[in-house]
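Report on the following structure.
The values are calculated or read from the model by the stated rules, or taken from the named source; none is laboratory data. The structure presented is a predicted model; accordingly, all values stated were derived computationally and were not measured. Quick reminder, even Gly has a Cβ in these numbers, built from the backbone with ideal geometry, and neighbours come from all protein chains shown. In case anyone asks, the SASA skips ligands and DNA or RNA and just uses the protein heavy atoms, side chains included. Shrake-Rupley method; radii C 1.70, N 1.55, O 1.52, S 1.80 Å.
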Amino acid sequence: MLSYFSNPQRFDVLARYAIPITGALATGLLIAGMYMSFFASPPDYQQGDTVRIMYVHVPAAYMAMAIYGAMAVASFIFFVWRHSLADAAAEVMAPIGAVFTALALLTGSLWGKPMWGTWWEWDARMTSVLVLLLVYLGYMALRAAIEDRMQAARMAAILAMAGVVNLIIVKFSVDWWSSLHQPASVFRFDGPTIHASQLWPLGLMALGYTFLVAWMVFYRLRSRTLIQRARSLQSRREREGLA
Amino acid sequence: MSEFFAMGGYASWVWGAWGGSALAILLLIVFVLSERAGAKARLRELEEDED
C-alpha cells in the first residue's frame, strides 16, 4: 500500500478526498470537544476550573509526540526505500509539530503556575519536551542550511531517526525520574484512570487535533507539488537564460 | 454568564491557555492556506512568462 501511494498521481487522488474529509471531521470534533470542555464537564474537585486547560494541553502534547513519531517513520521509509513522498511528508510535518510542541509547553506553563506554583521546572518531562522542540527546530534549520536537496533530505532523515531516543525519554520520563508532572492516566495497560466526564472532552479534542493535523499535512503535500513545479520551471528558465 | 468567564477565579490561566492555542492553530491554518495560494500565484506568473 505504501508503494502504491508513493506514486504522485495516485497520492494526489487520495489527497483530493482526504482534504475535505479530514477538514470536516476536525471541525465537527473540535466544536463538540469545545462544548464538552466548557459546558458538559465539571470543575475538578482539587484543581477547580484549571482542569479545563487539560483539554488543550494534553492533545497538544500528544500531537507533539505523534507528529514526531510519524516524521521518524516517514524518514525511515525515505532512508531505506528512497520514496520521495515520505521525505516530503516528514518535511511538511516538522513546522506543524514544532507549533504543537510549543503549545504543549505554553499551556503546561499556564497550568503549572496556578497548580504547582511554578511556571517551569528543569525536571525530566519538561526538559525533554523542550529538547523535542529544539530537535524540530534543528531539523528545519538543517534542511534550510543545505543547498543540495537530496543531501539535505538524507541528513534530515538521519537527524529525525536519531531524535527518536528523545521521544522515548519524553514518554517514560515521568516513570523513570521523579517529576512534578503526573504519570500517564489515559494510555495505561490497566485502562484510563480519569473519569468519563473528563475523558470525553479530552478524547474529542485529541481526535479533533489529530484530524486537523492530518488535514494540514495533506494540504501542504498538495501545495508542495505546485511549489516543486514552479521551482523546476524556474531552474529550467535560468539554465536557458544562461545558455 | 460572568461566572462562566470567571472560571472559578482562574480566568487568566484557562483563557490564556485556550486563547494561545486558538491563536497558534489559526495562524497555522492561515500559513497552510497562504502557502498554496502563494505557490499558485508564482506558478501562474512563471507560466505566463513562458508564452
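Values of log10 I(q)/I(0) for the range B:11-50 across q = 0.34 Å⁻¹ run -0.96, by the Debye formula with one identical scatterer at each alpha carbon and no solvent. Placing A:His195, A:His181 in order of accessible area, with the largest value first and a 1.4 Å probe, yields A:His195, A:His181. Once the Cβ-Cβ distance of A:Phe187 and B:Ser34 is raised to the sixth power relative to R0 = 30 Å, the FRET efficiency obtained is 0.25. The distance from the alpha carbon centre of the range A:8-38 to that of the range A:59-108 is 18 Å, rounded to a whole number.
Shielding value for A:34-40 is 1, the average number of Cβ atoms from other chains within 10 Å of each residue's Cβ. Ordered from largest to smallest accessible area (heavy atoms of protein chains, 1.4 Å probe), the residues A:Trp120, A:Trp177, B:Trp18, B:Trp13 come out as A:Trp177, A:Trp120, B:Trp13, B:Trp18.
The phi torsions of the range A:141-152, fed into the Karplus equation with coefficients 6.51, -1.76 and 1.60 and a -60° offset, translate into couplings of 5, 4, 4, 6, 7, 9, 6, 5, 4, 5, 5, 4 Hz, rounded to whole numbers, with Gly and Pro shown as x. When all protein chains stay in place and ligands, DNA and RNA are ignored, the 1.4 Å accessible-area order of A:Phe189, A:Phe78, A:Phe218, A:Phe172, largest first, is A:Phe189, A:Phe172, A:Phe218, A:Phe78. Interface residues of the range A:189-217, defined as those with an accessible-area decrease of at least 20 Å² between the chain by itself and the complete set of protein chains (probe 1.4 Å), are A:Tyr209, A:Leu212, A:Trp215, A:Met216. Computed over the Cα atoms of chain A, pair by distinct pair, the Kirkwood hydrodynamic radius stands at 19.7 angstrom. The mean sequence separation of alpha-carbon pairs under 8 Å and at least six residues apart, normalised by the residue count of the range A:21-242, gives a relative contact order of 34 percent. Note on A:Asp175: accessible area approximately 100 square angstrom, rounded to 10, probe 1.4 Å, nucleic acids and ligands left out.
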